[in-house]
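The values are calculated or read from the model by the stated rules, or taken from the named source; none is laboratory data. Since the model is a prediction, treat every value here as computed from it, not as a measurement. Note that each Cβ is placed from the backbone with ideal geometry, even for glycine, and that neighbours are counted across all protein chains shown. For the accessible areas, the whole protein counts, side chains as well, though only heavy atoms, and no ligand, DNA or RNA atoms are used. Shrake-Rupley method; radii C 1.70, N 1.55, O 1.52, S 1.80 Å.
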Amino acid sequence: QVQLVESGGGLVQAGGSLRLSCAASRRTFSSNAMSWFRQASGKEREFVAAISSSGASTDYADSVKGRFTISRDNAKNTVYLQMNSLKPEDTAVYYCAAHATGSFLFPKYDYWGQGTQVTVSS
């Protein structure tokens, strides 16, 4: 069993920045691709960003390209989401998920975190 624990959420003004972290409890975390999702109140969960197990490949939703950066530190079993130029529409609960494989091209997720709230005020 792997636990994913997100942190770093909070309240920020529009134009500000936050960095989310997702810490995994298992040393073999480095074999899993990781993704971030978000779910705004009353809306469906949506994909935000993904990173391969090695960190060499990344992917982003069009809505966050150029503003968000996903990265990982396999030595620390942690994946990050740097969010810059935040907008009120970025307000949501953000979740990290561990893919079943090292590639994020396979949308099968073995584990999910509990989520962290991000609120962007206008």
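Starting from the 7 Å offset along Cα-to-Cβ, what nm value, one decimal, do you get for the label separation of Ser85 and Ser41?
2.7
Tell me the per residue accessible area of the chain using a 1.4 Å probe; a whole number in Å² is fine. Show your work: numbers first, answer last.
Details: 6250 Å² over 122 residues.
Result: 51 Å² per residue.
Find out how many positive minus negative residues lie around Ser35, taking Lys and Arg as positive, Asp and Glu as negative, among other residues whose Cβ is under 12 Å from that of Ser35. Don't jump to the answer; show the numbers that get you there.
Details: positive: Arg38, Arg45, Arg72, Lys108; negative: Glu46, Asp59, Asp110.
Spelling it out: positives minus negatives among the neighbours equals +1.
log₁₀ I(q)/I(0) of the chain at q = 0.14, 0.16, 0.18, 0.22 Å⁻¹, via Debye over equal Cα point scatterers, no solvent, to two decimals?
-0.52, -0.68, -0.85, -1.26
Cα centroids of segment 91-122 and segment 1-53: how far apart, whole angstrom?
4
Using the beta-carbon distance between Lys76 and Gln13 and R0 = 35 Å, what value does 1/(1 + (r/R0)^6) give for FRET efficiency, to the nearest 0.05? Don't jump to the answer; show the numbers that get you there.
Values: r = 29 Å, r/R0 = 0.84.
For R0 = 35 Å, the calculated efficiency reads 0.75.
Relative contact order for the chain: what percent, with Cα pairs under 8 Å and sequence separation of 6 or more? Mind showing how you got there, number by number?
Working: 315 pairs, mean separation 43.5, N = 122.
Once divided by the residue count of the chain, the mean separation gives 36 percent.
Could you tell me what percent of the accessible area of the chain is made up of carbon and sulfur, with a 1.4 Å probe and every protein chain present? Show your work: numbers first, answer last.
Numbers: 2950 of 6250 Å².
Percent of accessible area from carbon and sulfur atoms in the chain: 47.
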